[in-house]
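Nothing in this text is a laboratory measurement; each read-out follows from the coordinates by a stated rule. Just so we're clear, the structure is a prediction, and the values are computed from it rather than from any experiment.
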Amino acid sequence: MATLLIIDDEKNICSLYKKELEDEGYSVFTAQSAKDGFEILNHNKIDLVVLDIRMPEMDGITALQKMLSNNRNLPVIINTAYNMYKDNFLTWLAEDYIIKSSDLTELKEKIRKILARGKA
């Protein structure tokens, strides 16, 4: 069973994603800040991170750079409500860039594909 980390400052998003992804069979940690996310990453084996961009204290792009400087092989999916960051070349470091939606079908499919690719 793969372990996911959801980092999003919106508590409701974290709760929804946790429930939906646990229903898919994943073990899921949530963090409402990048700082809390790094704490989880430092103490657990995480297979994939779903990361928001707009967060207080440290934005997702800065967090992405820091995560990948510590572990270049960590798959990260940017999951944001804002399309405008897609042109920021720093977001290209992520495995994928998904616009938030109440329908999590696309997110679930991307997670499945990325994790399957890592096991091949």
Per-residue HN-Hα couplings for segment 94-109 [Karplus 6.51, -1.76, 1.60; θ = phi - 60°; Hz; x = Gly/Pro]: 6, 5, 7, 9, 10, 7, 4, 8, 6, 8, 8, 4, 5, 4, 4, 5
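What Kirkwood hydrodynamic radius do you get for the chain when you take the inverse of the mean 1/r over all pairs of distinct Cα atoms, in Å?
On the way: mean 1/r = 0.0710 Å⁻¹.
Radius from the Kirkwood sum: 14.1 Å.
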Under 12 Å from the Cα of Lys113 - aspartates and glutamates, other chains or at least 8 residues apart: Glu95, Asp96
Eligible aspartates and glutamates near Lys100 by straight Cα distance, threshold 16 Å, same-chain separation 8 or greater: Asp8, Asp9, Glu10, Glu20, Asp52, Glu109
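Let me have the 222 nm mean residue ellipticity of the chain computed from DSSP H runs of 4+ only, each contributing -39500 (n - 2.57), with the sum over all residues rounded to the nearest 500.
Values: 4 runs with 49 residues, N = 120.
Estimated from H runs of four or more residues: -12500 deg cm²/dmol.
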Other-chain or far-sequence residues with amide H under 5 Å of Ile98's (modelled H): Ile78, Asn79, Thr80
